[in-house]
Amino acid sequence: MIHFVLLISRQGKVRLTKWYSPYSQKERTKVIRELSGLILTRGPKLCNFVEWRGLRVVYKRYASLYFCMCIDEDDNELEILEIIHHYVEVLDRYFGSVCELDLIYNFHKAYFILDELLIAGELQEPSKRTVTRLVAAQDSLVETAKEQTSSITNIIAQAAK
Amino acid sequence: MIGDMIRAIRACKTAAEERAVVRKECAAIRASINEDDQDYRHRNLAKLMFIQMLGYPTHFGQMECLKLIASAGFPEKRIGYLGLMLLLDERQEVLMLVTNSLKQDLNHSNQYIVGLALCALGNICSAEMARDLAPEVERLLQFRDPNIRKKAALCSIRIIKKVPALAENFINCAASLLKEKHHGVLITGVQLCADLCKVSSEALEYFRKKCTEGLVRTLRDIVNSPYSPEYDISGITDPYLHIRLLKLLRILGQGDADASDRMTDILAQVATKTESNKNAGNAILYECVETIMSIEDDGGLRVLAINILGKFLSNRDNNIRYVALNMLMRATTLDAQAVQRHRATILDCVKDSDASIRKRALDLLYLLVNDNNVKPLIKELIEYLEVSDQEFKGDLTAKICSLVEKFSSEKIWYIDQMLKVLSEAGNFVKDEVWHALIVVISNASDLHGYTVRALYRAFLTSTEQETLVRVAVWCIGEYGDMLVNNVGMLDIEDPITVTECDAVDAVEVAIKRHTSDLTTKAMALIALLKLSSRFPSYSERIKDIIVQNKGNVVLELQQRSIEFNRILQKHPKFRSALVERMPVLDEATFSGRRAGSLPTAISTSSGAPSNLPNGIAKPATAPIPDLLDLSSDDVPAPSSSGGDFLQDLLGVDLSPTPAPSGADMPPKASTDVLLDLLSIGMPLPVQTGLSASDILSSSQDDKAPFVNFNGLASLSSLSANATSPANAAPMMDLLDGRGPGPQKSEENGQAYPSLVAYESSSLRVMFNFSKQRGSPQTTLIQATFTNLSSNVYNDFLFQAAVPKFLQLHLDPASSNTLPASGDGSITQNLKVTNSQHGKKSLVMRVRIAYKTNNKDVLEERQINNFPQNL
């Protein structure tokens, strides 16, 4: 089971955190600090796993961002690398060659996508196309709702004239 | 706009600027929340989520999430549920308020809203919510849309983890998910089955009987499936599904020969046919190997699996080597022989540049060491110790020491290896390890000469390793004569000429090293005292070195140097008896002590402060088994400092207590010095009248009350036969057996019943308890002593000792004379601070000494019936 997902920039800034196991706010800050110290200092050619508090953290660097997932000792580390890559590819499809700034200003979108990928710390959908389709469908629901509100506002405005 | 806020925060150059921006934003959001502004609600929440990610408190936004979730529109709900998952977790009570909205949304006609609710429930639901909403989720497992079914499946995992009793409701629906064609549903369904098996043996049996065949078929279909672009990852169709199926098959095959038998064919196919040039393929192979090794024995498959691991181990990809080491660790229990074949490669991995791989490899190698290969492996590891990274040395040293100790069939080999480790990485050696080494050295009487010479040589080449210096100094002090006279020369040794002068030089170097800490210096001081008797002709020079410490800023060194100086000057008669070689340390006692280590801190106080200048609370001695076990860890207890070892060795007190030194003692100075040396802590009235030899003999005749002194006497070698293991035993019990007191605790601990702490035919001790306002950890105890006999007690002295988690402060007693027949009493105040308040009860060992009819009486007792919650 994945206990949490972290996206940390090379400078140690947090770009996304998702917790599937209960950690208090204080513990979360501590975990992030510990792990950035552990991961950001590792050299480029080393393996993508660090052992931490009896758990494993699988991380992978994409451009300036480190994607980290914390798993149990008996989980498949290599598979987690695939899941991380899976997430990155979906982000890439959605934003169109994604960069860190996309994830900063549209952080909620990054969360929506993650929620279509993982629930309860387990993988939900192996098909990138399905994930993109589901997120797009929900986005368009939001758009429709917005248009409706604005048209209603218009109608009210016109009626008031 | 949220974008504006993010830009403003990103523009901040300092943390202080960022805090200011966030504070302003939070104030605006709070104001908006107070106005109950609906239009900005979702924007406020989005901002709060960003602020929360930066690590600022956002609890005031929690209710906004609930309001958004309760609103009708999809956009509001979407952001509301996201906020719920980010700002809250299962432990917040606010979460309960959302149960109703969740229930409605799970029954919503819009499937995306159902999806949102399932996602939130799956990520943060508590046990109560799981119970309330399980029927809804169960129903949704059969929903027409596959996107809802897969979400419901993962949500069910969370539910059965929170409330395992609900598992049986899900078994049937989960089994039907295994027949799905949709990959998302199939993956989550397989995962749900695996988790059901973990919490319910009923589920395990059911799936094993009904589903093994089907799962094997599904795996075969997916392995042989043609290229499908939607699920393809580097040439493999849906590796995630492969992995989950293999995992579930493993659970079903474990412990069941029949089920295992049914899956062997497909496992063999996966193991042989999967492409291993990409990560996805290796992930499948890795999972497959684990399944093969977990299911019931099939020799052929096992060989296949171990071969795959061997290939992994020689892979150039660090990730693959890491998982190989990981898996070989599990394989050692199955087929140690097969793993042994890769020993050389594993040893190379111990020397890898990647810390994660090194650690894995070292752990694995540790399991592979046996009687046959221990010597070459230890040799390799010690050689590697020289060149290894600083941060790895600690781990490596600990493992080497543990192995050397475990496989020490020959003492000389053990001593040799330990000396190598000490010279190479002595600063990483834990206290208990070098303490153990000293015990072994002390027991190897035929190797004393060899050891001291080897240590002397090592000491000459390097004085950088603190523990090497300590052990060397100890041995030179004890066996200095053997060093000089080449006693017990072994054939393998190179001859060495060491003069008495050289030996004294070495110890002088140790005491003058800048880096030497208190313990080392104190040990060197004792070694010098011992050498003064071994080499009488250097007595003057030794005295000079000792005297140089007279002005040491550390009070303890100062005090000891003055005392040792006096011994050298004024008491040549019993000097030689005083510094005789230490009796052989008892290994059994030491190892027993090490196993059930109970560190103690003892503090004592004189009941007669007016007469005794030493009467302030002053840590005395720890019992003998502590000799080699007191780790000098940084426990802030006032009575235990880095000098524990010395403190035990001669019972001297190294902590900077403001106790006047023994030299200041008035009239009976000659015995007082000795008493202090014997570490009695303070001149007890009971001993003041006795000469040194009297103390010794009394300690032999009257063991029970003198347990503490007893051990010390032998330690300082005053009498080689004063201590036997039997004597040591009661000391180990000194603070053992602190069971919870029978007293019931009072509500909130405000009033505690008085306690008759001790009662004998001659004496009664009452304790009255009170608490200081605002500090629940601290208990004030007023002790009242009453004389039940018809004789007056003089020189009355009450002492108490507590374990390390407690701190004890004793105030002076009201008097040191206790009138007869209960005609008056002595009171004394104690202050106890319990660092484990609420977890452990108080416990205390007390000792009462007094004189009656010119006879000394000593009474001791352990008090463990304190009221709880003190």
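The values are calculated or read from the model by the stated rules, or taken from the named source; none is laboratory data. These numbers come from a predicted model, not from an experiment. With ideal geometry, Cβ positions are generated from the backbone for all residues, glycine too; neighbour counts draw on all protein chains shown.
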In region A:92-102, how many residues are assigned to a helix (DSSP H, G or I) and either at the interface with another protein chain (Cβ under 10 Å from one of its Cβ atoms) or crowded, with 20+ Cβ neighbours inside 10 Å (or both)?
2
Quick check: anything in region B:554-577 assigned to a helix (DSSP H, G or I), at pLDDT below 80 and of a type in the set (S, T, N, Q)?
yes
Quick one: would you say B:LEU252 is in contact with a Phe, Trp or Tyr (Cβ under 8 Å, 6 or more places away or on another chain) and at pLDDT 90 or above?
yes
Meets criteria (in contact (Cβ under 8 Å) with a residue 40 or more places away in the chain and over 29 Å from B:VAL404 (Cα atoms)) for B:ILE320
no
Residues that are crowded, with 21+ Cβ neighbours inside 10 Å, of a type outside the set (Phe, Trp, Tyr) and at the interface with chain B (Cβ under 8 Å from one of its Cβ atoms): does region A:60-77 have at least one?
yes
Cβ pairs under 6 Å, 6+ apart, first in region B:570-583 and under 13 Å from B:ARG534 (Cα atoms), second in a helix (DSSP H, G or I) and hydrophobic (A, V, I, L, M, F, W, C):
B:ARG575/B:ILE567; B:VAL579/B:LEU529
Which one is nearest to A:PRO44 (Cα to Cα) among residues in region B:332-378 that are within 14 Å of another protein chain (Cβ to nearest Cβ) and over 26 Å from the mean Cα position of the chain (by Cα)?
B:SER353
Where in region B:761-870 are the strands (runs of 3 or more DSSP E), entirely inside, with at least 1 residues that are without any contact (Cβ under 8 Å) to a residue 40 or more places away in the chain?
B:763-772, B:775-787, B:855-863
Among the listed residues A:TYR23, A:TYR66, identify the single one that is aromatic (Phe, Trp, Tyr) and out of contact with any strand residue (DSSP E or B) (no Cβ under 6 Å at 6 or more places or on another chain).
A:TYR23
Helices (runs of 4 or more DSSP H) wholly in region B:335-391 with at least 3 residues that are among the β-branched types (Val, Ile, Thr) and without any contact (Cβ under 8 Å) to a residue 60 or more places away in the chain - which ones?
B:343-350, B:374-387
Looking at (1) closer than 20 Å to B:THR515 by Cβ; (2) modelled with pLDDT of 85 or more, which is the one condition that is false for B:ASP431?
(2)
Sole exception among (1) on the phi > 0 side of the Ramachandran plot; (2) assigned to a helix (DSSP H, G or I) for B:ALA259, by number
(1)
Would you call A:HIS85 facing chain B (nearest Cβ under 10 Å) and either closer than 25 Å to B:ASN319 by Cβ or among the aliphatic types (A, V, I, L, M) (or both)?
yes
Qualifying position, being surrounded by fewer than 16 Cβ atoms within 10 Å (Cβ to Cβ), within 11 Å of another protein chain (Cβ to nearest Cβ) and of a type outside the set (Asp, Glu), among A:LYS161, A:LYS146
A:LYS146
Note down all Cβ pairs under 8 Å where the first residue falls in region A:56-77 and is under 17 Å from B:ILE357 (Cα atoms), the second is among the acidic types (Asp, Glu), and they're at least six residues apart or on different chains.
A:ARG56/A:ASP72; A:ARG56/A:GLU73; A:ARG56/A:ASP75; A:ARG56/A:GLU77; A:VAL57/A:GLU51; A:VAL58/A:GLU77; A:ASN76/B:GLU287
When residues of region B:257-291 are limited to those that are away from chain A (no Cβ under 11 Å) and touching a strand residue (DSSP E or B) at 6+ places or on another chain (Cβ under 8 Å), the one surrounded by the fewest Cβ atoms within 10 Å (Cβ to Cβ):
B:GLU275
Looking only at region B:771-790, filter to residues that are over 21 Å from B:PHE866 (Cβ atoms) and buried (at least 17 other Cβ atoms within 10 Å of the Cβ); which one of those is farthest from the chain's Cα centre (by Cα)?
B:SER789
